[in-house]
Amino acid sequence: MPITPILEVRPAHVRDAKAIAEIHASASQAAFKSLVPGEKMPAVSLDKSQAYWRDAIEFCEPQVYVAVEGEKIIGFVGFDRSRDKGTPPTTGEIWAIYAATSHWGQGVGLALWDAARDGLLDEGCTKVTIWLPLGNERAVRFHDMAGFKREMTSIKTVAIGTVKVEEIRMKRDLN
């Protein structure tokens, strides 16, 4: 009988930045393909992405946790206070949450969400938000199942390269 590796979620280390950047790029590209079929996603500079995540980890803005299976990083979450103007300091935000495409549907996102929720509660947050592309059905469905509700008045259009995408803010209580 095969042994199933144990999934661990832990705070990220600076040395994890490269793996985080690689997961971010590949999962973003896979999501973009389903979001805008036939369009090519703008190239992501792995060096810039790695530098961004290295700084985020070093300065805890946002806080970054990784999901690890054995020795391999298979997902990450970045979370902190909400960046939206006018939100109270008790509102947190999931800045990014991604699993390696090879691990989609295997509980990685749930483990990362649980860790982020606990971290935000420790920071005194009572609510949490996340911005998602409306057309990213996998991500929207995941957050629906995690208890997030869509804020229909929050819909905005953002540019991803030359493509315009509608995003929606989803929100939930942390209790």
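The values are calculated or read from the model by the stated rules, or taken from the named source; none is laboratory data. The structure displayed is predicted, hence computed values, not measured ones. Quick reminder, even Gly has a Cβ in these numbers, built from the backbone with ideal geometry, and neighbours come from all protein chains shown.
Residues being under 20 Å from residue 175 (Cα atoms) and of a type in the set (A, V, I, L, M, F, W, C): count how many of those fall in the range 57-96. Final tally of qualifying residues: 4. On inspection, residue 44 does not qualify as over 13 Å from the mean Cα position of the chain (by Cα), part of a strand (DSSP E or B) and farther than 28 Å from residue 151 by Cα.
Scan the range 73-96 for residues that are among the acidic types (Asp, Glu) and free of Cβ contacts under 8 Å to residues at least 60 places away in the same chain and the total you get is 2. If the condition is being in contact with a Gly (Cβ under 9 Å, 6 or more places away or on another chain) and in a strand (DSSP E or B), then the range 70-92 contributes 75, 77, 79, 80, 81, 92.
Table: residues versus (1) modelled with pLDDT of 95 or more; (2) touching a Leu at 6+ places or on another chain (Cβ under 7 Å).
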| residue | (1), (2) |
| --- | --- |
| 128 | yes, yes |
| 148 | yes, no |
| 161 | no, no |
| 166 | no, yes |
| 171 | yes, no |
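For residue 54, state whether it is crowded, with 18+ Cβ neighbours inside 10 Å and within 21 Å of residue 175 (Cα to Cα). Criteria not met by residue 54. I'd like to know if the range 69-78 contains one or more residues that are of a type in the set (A, V, I, L, M, F, W, C), more than 22 Å from residue 147 (Cα to Cα), at pLDDT 95 or above and in contact with a helix residue (DSSP H, G or I) (Cβ under 9 Å, 6 or more places away or on another chain). Yes: one or more hits. Whether a residue is on the phi > 0 side of the Ramachandran plot and either modelled with pLDDT under 95 or out of contact with any helix residue (DSSP H, G or I) (no Cβ under 7 Å at 6 or more places or on another chain) (or both) was assessed, and residue 86 passes this test.
Can you find a residue that is within 12 Å of the chain's Cα centre (by Cα), within 14 Å of residue 12 (Cβ to Cβ), assigned to a strand (DSSP E or B) and in contact (Cβ under 8 Å) with a residue 24 or more places away in the chain anywhere in the range 97-105?
Looking through the range 97-105, at least one residue is within 12 Å of the chain's Cα centre (by Cα), within 14 Å of residue 12 (Cβ to Cβ), assigned to a strand (DSSP E or B) and in contact (Cβ under 8 Å) with a residue 24 or more places away in the chain.
Which residues, counting only those in the range 148-163, are closer than 18 Å to residue 108 by Cβ and either loosely packed, with under 14 Cβ neighbours inside 10 Å or of a type in the set (Val, Ile, Thr) (or both)? Correct list: empty. For the range 147-168, state whether one or more residues are β-branched (Val, Ile, Thr), closer than 26 Å to residue 12 by Cα and out of contact with any strand residue (DSSP E or B) (no Cβ under 6 Å at 6 or more places or on another chain). Checked the range 147-168: no residue is β-branched (Val, Ile, Thr), closer than 26 Å to residue 12 by Cα and out of contact with any strand residue (DSSP E or B) (no Cβ under 6 Å at 6 or more places or on another chain).
Being surrounded by 15 or more Cβ atoms within 10 Å (Cβ to Cβ) and either touching a Cys at 6+ places or on another chain (Cβ under 9 Å) or among the polar types (S, T, N, Q) (or both) narrows it down to one of 45, 28, so name that one.
28 is the lone residue from the list that is surrounded by 15 or more Cβ atoms within 10 Å (Cβ to Cβ) and either touching a Cys at 6+ places or on another chain (Cβ under 9 Å) or among the polar types (S, T, N, Q) (or both).
Only one entry in 111, 99 is under 18 Å from residue 74 (Cα atoms) and surrounded by 21 or more Cβ atoms within 10 Å (Cβ to Cβ), namely 99. The condition of being at pLDDT 90 or above and among the β-branched types (Val, Ile, Thr) holds for only one of 14, 44, that being 14.
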